[in-house]
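Reviewing the structure listed below.
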Amino acid sequence: MDKETFLKIIHKKLIVSCQALENEPLHGSEIMAKMAQAAKEGGAVAIRSNSAKDVAAIKKKTALPVIGLVKRDYENSAVFITATLKEVKELLEVDPDVIALDATIRERPNGETLEQLVSYIHKYSNTLVMADIGTVKDAEYAVSCGADLLSTTLSGYTADSPKLDGPDFDLVEILCKTMKIPVIAEGRINTPHDAKKMLELGAWSVVVGSAITRPQLITKSFVEGIEK
């Protein structure tokens, strides 16, 4: 899918993140594919997914555009979202429409650079690059490296980004006013009101994950609310 078509599909619409790590009850490609199908039936126009296996299953089940990533820990780096060329190659095997990767200014594993990974993806595929960032500096760096889209996924999860209970509205507003590529709002967006506000601030589209697809966290929020 070309960039113009993808951006048209997601513009001012909802993307749902369907992810479950190995230690979570819903882990498994078949389960995630069904979750993605449920999201599609609810109106999601694209899916964000972790692992090549899940990406392939979701593409087959839903036929929606898929943003793929691979979460993997490395001892010598805090970067874990599509951190190295190894993860990029795994994803390219299943042809996601977009690859999301950590685009922070932090040092990557194996001495690789963000620019190298972006260049590789663009050279060997038609896949777009979504840059997961936490700060304005990260965003500037990602744009300079050739990213196609920005996502505020990592705001609150890096040492130099603010720790907030809710979404980082300020970061989204600043990026929408200053960056020349589309900004996707993501991170702790827990209500339809949050999502709508992000779009009003200028976000190209919105990614919602835990509030829709992680029932253990949704249940926990109800339990904590009741017990207060």
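Numerical summary
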read-out: Restricting region 1-22 to residues that are closer than 21 Å to VAL70 by Cα and of a type in the set (S, T, N, Q), the residue that is farthest from the chain's Cα centre (by Cα); value: GLN19
read-out: Failed item, numbered, when ILE99 is tested on (1) more than 29 Å from LYS13 (Cα to Cα); (2) touching a strand residue (DSSP E or B) at 6+ places or on another chain (Cβ under 6 Å); (3) of a type in the set (Val, Ile, Thr); value: (1)
read-out: Unique match (being touching a Phe, Trp or Tyr at 6+ places or on another chain (Cβ under 9 Å) and modelled with pLDDT of 95 or more) among ALA211, ALA185, ALA203; value: ALA185
read-out: Contacts under 6 angstrom Cβ, first residue in region 5-19 being over 13 Å from GLN37 (Cα atoms), partner charged (D, E, K, R) and outside any helix (DSSP H, G or I), 6 or more apart; value: PHE6/ASP97
read-out: Region 178-194, residues that are closer than 14 Å to THR153 by Cα and among the hydrophobic types (A, V, I, L, M, F, W, C); value: VAL183, ILE184, ALA185, ILE189
read-out: Identity of the residue in region 1-18, touching a strand residue (DSSP E or B) at 6+ places or on another chain (Cβ under 7 Å) and farther than 17 Å from ASP194 by Cα, that ends up surrounded by the most Cβ atoms within 10 Å (Cβ to Cβ); value: CYS18
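The values are calculated or read from the model by the stated rules, or taken from the named source; none is laboratory data. What you see is a predicted model, and the numbers here were worked out from it, not measured in a lab. Methodologically, a virtual Cβ is constructed for each residue, glycine included, from the backbone with ideal geometry; neighbour enumeration extends over all protein chains shown.
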